[in-house]
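Worksheet: the structure to be examined is printed underneath.
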Amino acid sequence: MKMNLKLIKKSIVFILLIFCVLPAFASEISGKIRLNSVGFKPEMAKFATVAGKCGDFTVKSASDNKAVYNGKASAPVYDKETAEDLCTLDFSELKTPGTYYIEAGAAGRSCNFVISENVFDSPFYDSVMGMYLWRCGTAVSAANNGSTFAAEECHTDDAYLDYVGGTGTKDGTGGWHDAGDYGKYTVNAGITVGLMLKAWEQFGDNIKRVKLNIPESGGVIPDYLAEIKYETDWLLKMQADDGSVYHKISTLTFPGAVMPDQDRARRYFVPWSSAATADFAAVLAAMAKNIKPYDTAAAVKYILAAENAARFLKANPDNHKSDQKAFSTGAYDTGDSDDRLWMYAELWDATGKNEYLKEFEKAAAQYPSKFDTDWDWPNVKNLGMLTYLFSKREGKNNTLIDDMKKQLIACADSITKTASENPYARGLGTSYYWGCNGSVARQPLILQSANLIKPDSAYLKTAADAVAHIFGRNYYGRSYVTGIGHNPPLDPHDRRSMADNLKEPWPGYLVGGGHDAKGWKDEYGSFATNEIAINWNASLIYALAGFLYNGPEYTPTATMTGTPPTLTPTFTPVPKDLIYDGDTKGKRIKDNTQGEAEGIMDYAGGVKGKALRMHFMGNNEEAQKVWRLKKPVSPDGFNYIEFDVKAVKGTMPELYFSLSMGASSDMLLNVNDYCEKPISANWTKARFPIDEMMVSGDKYISELMWIGIAGKITVILIDNIKLINYTPPTPTISQTHSVTPFVTATPSATITPTGTVTEFVTSTPTETVTPTCTASPTITVTYTATPETGVKIIIDNSSNPGSKNLLGYIWYTYDDKSNNGTSEIWPKPGSNFEKSGSGKDNKGKAAVMKGKVTTMFQWGYLGMGTKLTADGKTINLAKCGGVRFWHKGDGKKYRVKLISAHPDFKQGEGDNHLGVEFETSGEWQLFDMSIYSFVKEPYWGSFVEPDDALSMIRDIQWQTREQPHQSIELMIDGVEIYGCEK
């Protein structure tokens with residue numbers, strides 16, 4: 001059986017100069033002296049962190065190795081985050097321009113660094129040019145160090161209207177690709193443009209000096225604003241006729257490791273969200289006021305679109321989430337109260353209309369805490385507050401302004417104090433998570449803004465420390481920005497860098513960073529720590545803009561080239577005989593590259609070693625599982641692809657397999673039709689003719705995909721995926737007509753062989769058939785529901801009114817105070833928890849938590865839970881069927897969590913659990929989910945095999961989602977785990 005999916009394809013050019021200080025003797029660099037490898041301005045404070053004990057140190061000129069400064073290191077301090085003794089070197093007194101390095105006894109020598117007034121001009125140029133290289137819908141090209149980074153015109157069919165109530169397409173071309181993938185997301189575009197415009201508003205005169213090499217260079221609009229305009233012009237296309245704004249443009253799943261023009265799956269407008277609509281209005285209003293001096297027509301167009309969005313939101317005051325059920329790409333799912341606040345601030349500042357001023361001040365009053373030290377796209381409150389605070393318009397509330405100033409100073413003081421107490425002067429201190437490098441680079445917005453209110457050299461030093469951390473003053477002694485500084489990332493999670501066959505990655509991009517001080521992995525497959533993203537780059541752009549030279553114009557020594565080349569993607573393929581093999585102990589592909597899984601996990605239980613495991617949740621719903629290759633593989637010289645397959649739970653009559661082939665649509669083949677035996681609890685081998693999965697123009701395989709439809713929960717294992725040369729068996733039979741291949745039933749007739757039959761005939765001939773017709777047997781599959789079996793663990797119900805559950809263990813609450821949050825919960829943590837609510841059917845008592853969630857901690861939260869076993873003990877739920885309970889609440893979303901004590905989890909980062917999100921209402925509702933529906937929290941921490949994690953469960957908890965919430969209330973009753981082996 002085959003099914004067809006679908007496809008798409010087109011060029012401009014400049015030369016990109018990448019700033020990278022290369023030491024004279026790279027082999028001598030110890031890596032123990034960690035500093036800003038780009039360098040320092042002469043008047044800047046200059047510090048380095050040294051791993052190990054250190055006494056005297058010397059700064060030497062790189063040109064003649066002569067000593068120019070001598071100093072003494074601080075006493076060593078033990079850093080528990082990195083388990084190192086760390087000293088600090090202060091060489092701030094050295095102010096003479098030049099290129100230098102440090103020698104510090106046993107710590108050896110540092111990389112070279114520069115002291116110069118314009119030392120940050122080139123990195124700023126590179127990071128802004130990185131935005132240009134993200135452009136969608138046009139060809140881009142840049143040369144650097146002998147390599148050309150180029151992509152042809154892409155995604156010219158953006159985008160289809162199937163999921164927003166339309167047919168055909170609407171123009172959605174343009175804009176920037178969002179990250180390491182090729183989606184375009186309105187919410188993330190919001191914070192990105194907002195940050196870049198804040199840089200323009202505060203440092204515009206210095207930014208104007210930096211001349212970019214983009215198609216619009218030399219025009220009336222300054223280059224920097226022209227690059228932003230490429231994004232805001234795309235945003236205009238995201239607005240629907242009613243004023244709402246589509247949440248994103250995306251494929252259904254993430255693409256494989258292909259160049260953008262080879263990403264040919266159909267892309268769709270995704271339904272509107274109120275957060276996207278508010279962010280759209282905010283950035284277009286902000287862009288209107290900034291571009292008005294250069295392009296009045298564009299300013300008018302932007303402000304009209306922004307006000308149209310605001311009118312729509314006024315008529316639709318509730319937080320509205322985008323319906324993304326069909327999509328597994330970036331969700332950017334967030335509440336909208338902070339986005340609306342920002343929208344009103346920008347609209348008032350752009351238009352002066354009193355209605356927007358009133359709405360902003362009303363929204364601001366809902367936030368006792370006006371500024372946050374740690375923030376990103378889920379919380380853009382800071383942008384709105386700063387716009388209001390620094391607006392030159394009259395009519396502001398003086399009491400509110402005074403409060404804002406005090407809180408901004410307090411916020412900057414907090415960042416400065418945290419950095420001063422951290423051995424790497426990191427303003428986030430010991431807080432690490434997905435994309436935390438972007439947050440480090442974003443903190444200078446608070447520091448520079450506070451410096452405008454109350455000038456303080458400590459704020460500027462801490463802002464410079466953030467830049468230093470990004471460029472090498474960190475545990476690795478490496479730059480976190482591709483192509484800039486010492487030993488920068490080589491393998492970012494960026495599909496262009498994966499697919500272009502160049503040794504060096506695309507330059508000018510900040511990677512996300514580790515989930516702890518030592519957790520960064522410079523690997524293509526580490527999207528959690530090594531991906532790039534426009535919001536992180538915008539943060540870097542702002543941070544660098546604050547230290548640009550205010551002297552002569554900066555123009556890189558680059559020239560525009562002519563017609564861009566016609567690109568033919570070439571790849572270094574993985575060894576052709578093997579794509580995946582669980583025997584290789586974590587190295588899934590023989591050249592030590594790894595695949596990128598979506599809906600798939602590595603799991604013990606392969607033919608040997610590990611296998612790919614896929615869960616299908618039943619209900620006859622289609623589920624898609626993808627294994628993307630780090631480097632595409634050429635099938636040249638092979639005629640089949642094969643793999644071993646088995647079902648370890650349930651049955652799988654409909655499992656389809658396809659190869660994503662760059663130039664073609666995807667051909668789906670039913671795995672059972674190509675198996676030696678039908679999929680069962682025993683391993684069987686499936687072989688697929690490659691020519692049936694390819695069409696003209698296909699040259700390589702970028703991903704493998706399985707689509708399953710199961711009536712009940714089913715678990716499938718896949719192992720030993722190989723490209724092979726295979727000759728199908730050709731048994732002879734005595735009939736003269738053709739026989740339909742791939743018969744998997746036992747026919748009631750006997751066939752006397754004399755002719756030939758197609759491969760993989762699994763029927764057993766038992767009776768002679770008159771050879772005058774062609775028949776296909778009809779197979780009827782009947783599903784019979786299986787009653788619930790196994791042991792049931794009743795944890796608690798309304799018949800039990802006390803503070804302990806039916807197992808004899810306590811109920812408790814918790815809050816975000818350990819993360820410096822200010823959320824409040826009742827009952828208070830540590831107090832005696834007494835069940836207080838009326839249980840289901842108004843019988844007995846239910847567990848209840850109430851409270852208020854704030855954003856002093858960016859991801860503020862509250863929760864309650866109950867222990868399942870004694871302290872120090874765990875319970876094995878890996879052999880259980882599911883979890884059920886009754887819930888009643890406030891209409892908000894919550895997450896039920898199974899807390900694991902598995903030692904491979906990094907405790908304390910919120911990642912030591914498996915969970916499922918659910919939504920409450922004012923009526924009692926039943927939650928009933930398979931145990932394998934519980935998955936690791938997206939974006940957090942370490943991965944542990946689900947069965948391993950489930951084998952060591954100690955608690956079950958319920959936690960709030962999103963923030964802020966003025967009030968929350970959740971009631972829980974009838975908690976049980978069922979279907980467990982005895």
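The values are calculated or read from the model by the stated rules, or taken from the named source; none is laboratory data. Model, not experiment: these values are computed from the prediction. Quick reminder, even Gly has a Cβ in these numbers, built from the backbone with ideal geometry, and neighbours come from all protein chains shown. Just the protein is used for accessible areas: all its heavy atoms, side chains included, with ligands, DNA and RNA removed. Shrake-Rupley method; radii C 1.70, N 1.55, O 1.52, S 1.80 Å.
Computed from the C-beta positions of Ser836 and Asn397, the FRET efficiency with R₀ = 60 Å rounds to 0.90. Here's the list of lysines a cross-link from Lys72 could span, going by alpha-carbon distance under 24 Å and ignoring same-chain residues fewer than 8 apart: Lys32, Lys41, Lys46, Lys53, Lys60, Lys80, Lys95, Lys417, Lys461. Subtracting the Cα-Cα distance of Tyr294 and Asp871 from 0.36 nm times their residue separation leaves 201.0 nm of extension gain.
Do the alpha carbons of any pairs in Lys170/Lys301; Lys208/Lys289; Lys610/Lys893; Lys817/Lys843; Lys843/Lys873 sit beyond 24 Å of each other, and which pairs?
On the way: Lys170/Lys301 19 Å; Lys208/Lys289 17 Å; Lys610/Lys893 36 Å; Lys817/Lys843 34 Å; Lys843/Lys873 32 Å.
From Lys170/Lys301; Lys208/Lys289; Lys610/Lys893; Lys817/Lys843; Lys843/Lys873, over 24 Å: Lys610/Lys893; Lys817/Lys843; Lys843/Lys873.
Between amide H atoms placed 1.01 Å from N, distances below 5 Å from Arg266 occur with Lys6, Leu7, all of them 5 or more places distant or on a separate chain.
Give the calculated FRET efficiency between Thr167 and Leu252 to the nearest 0.05, with a Förster radius of 25 Å applied to their Cβ-Cβ distance.
Calculated transfer efficiency: 0.90.
Taken as Cα centroids, the stretch 306-322 and the stretch 830-875 sit 34 Å apart, rounded to the nearest whole angstrom. Solvent exposure of the stretch 791-980 amounts to 40 Å² per residue of accessible area, where only protein heavy atoms count and the probe is 1.4 Å.
Percent of C-alpha pairs per 10 Å bin in the stretch 284-429, short distances first: 10, 33, 32, 20, 5, 0.
For Lys867, the residues whose modelled amide H falls within less than 5 Å of its own, excluding neighbours fewer than 5 places apart on the same chain, are Ile810. Extending 7 Å from Cα along the Cβ direction at Ala326 and again at Glu117 yields two label points whose distance is 5.8 nm.
So what is the diffusion coefficient of the stretch 427-569 in µm² per second by Stokes-Einstein at 37 °C and 0.692 mPa s, using a Kirkwood Rh over Cα pairs? Show your work: numbers first, answer last.
On the way: Rh = 16.4 Å.
D, rounded to a whole number, is 200 µm²/s.
Partner lysines whose Cα lies under 16 Å from the Cα of Lys625, excluding those fewer than 8 positions away in the same chain, are identified as Lys325, Lys646. Here the relative contact order of the stretch 33-115, from alpha carbon pairs under 8 Å that lie six or more residues apart, stands at 38 percent.
Order 146-159, 93-106 from most to least packed using the mean count of other Cβ atoms within 10 Å. Walk me through the numbers before you get to the answer.
Details: 146-159: 20.5, 93-106: 16.4.
Most protected by this proxy first, the peptides run 146-159, 93-106.
The alpha-carbon atoms of the stretch 424-476 define a convex hull whose volume equals 70 cubic angstrom per residue.
So what is the relative contact order for the stretch 791-980, in percent, with contacts set as C-alpha pairs under 8 Å and at least six apart?
31
Amide H contacts of His155: Lys9, each under 5 Å away and 5 or more positions distant or on a separate chain (H built 1.01 Å from N in the peptide plane; Pro and chain starts excluded). Once both labels are positioned 7 Å from their Cα atoms along Cα-to-Cβ, the gap between Glu923 and Asn319 label points is 2.3 nm. Each of Ser457 and Leu94 was given a label point 7 Å from its Cα along the Cα-to-Cβ line. The distance between the two points is 1.9 nm.
Can you tell me what the convex hull of the Cα atoms of the stretch 317-361 projects to on average, as an area in nm²? Write out the running numbers ahead of the final one.
Values: hull surface 16.1 nm².
Its Cα hull, projected and averaged over all orientations, spans 4.0 nm².
Considering Cα pairs under 8 angstrom that are at least six residues apart, work out the relative contact order of the stretch 114-164 and quote it in whole percent. Across the stretch 114-164, relative contact order equals 24 percent.
Between Tyr78 and Ala106, what's the calculated FRET efficiency when r is the beta-carbon distance and R0 is 22 Å? Round to 0.05. Spell out each step's value before the answer.
Values: r = 17 Å, r/R0 = 0.79.
So the FRET efficiency works out to roughly 0.80.
Spread over its residues, the convex hull of the C-alpha atoms of the stretch 791-980 is 106 Å³ per residue.
Beta carbons within 10 angstrom, averaged per residue: use that to sort the peptides 376-386, 794-804, 512-522, highest first. Don't skip to the end; give the middle numbers.
On the way: 376-386: 24.0, 794-804: 16.9, 512-522: 21.2.
Ranking the peptides 376-386, 794-804, 512-522 by packing returns 376-386, 512-522, 794-804.
Rolling a 1.4 angstrom probe over the protein heavy atoms with all chains in place gives the stretch 33-115 an accessible area of 42 Å² per residue.
The packing ranking, built from the mean of other Cβ atoms within 10 Å per residue, places the peptides 820-833, 338-351, 454-467 in the order 338-351, 454-467, 820-833, highest first. Solvent exposure of Phe390, expressed as accessible area, is near 70 Å², computed with a probe of 1.4 Å over the protein chains only. Full extension of the chain between Lys66 and Glu355 yields a length gain of 97.5 nm, computed as 0.36 nm times the residue separation minus the alpha carbon distance.
Shown in residue order for the stretch 944-952 are the 3J(HN,Hα) couplings computed by the Karplus curve 6.51 cos²θ - 1.76 cosθ + 1.60 at θ = phi - 60°: 10, 3, x, 4, 5, 5, 5, 6, 9 Hz (x for Gly and Pro). The phi torsions of the stretch 87-95, fed into the Karplus equation with coefficients 6.51, -1.76 and 1.60 and a -60° offset, translate into couplings of 10, 10, 10, 10, 10, 4, 6, 7, 10 Hz, rounded to whole numbers, with Gly and Pro shown as x.
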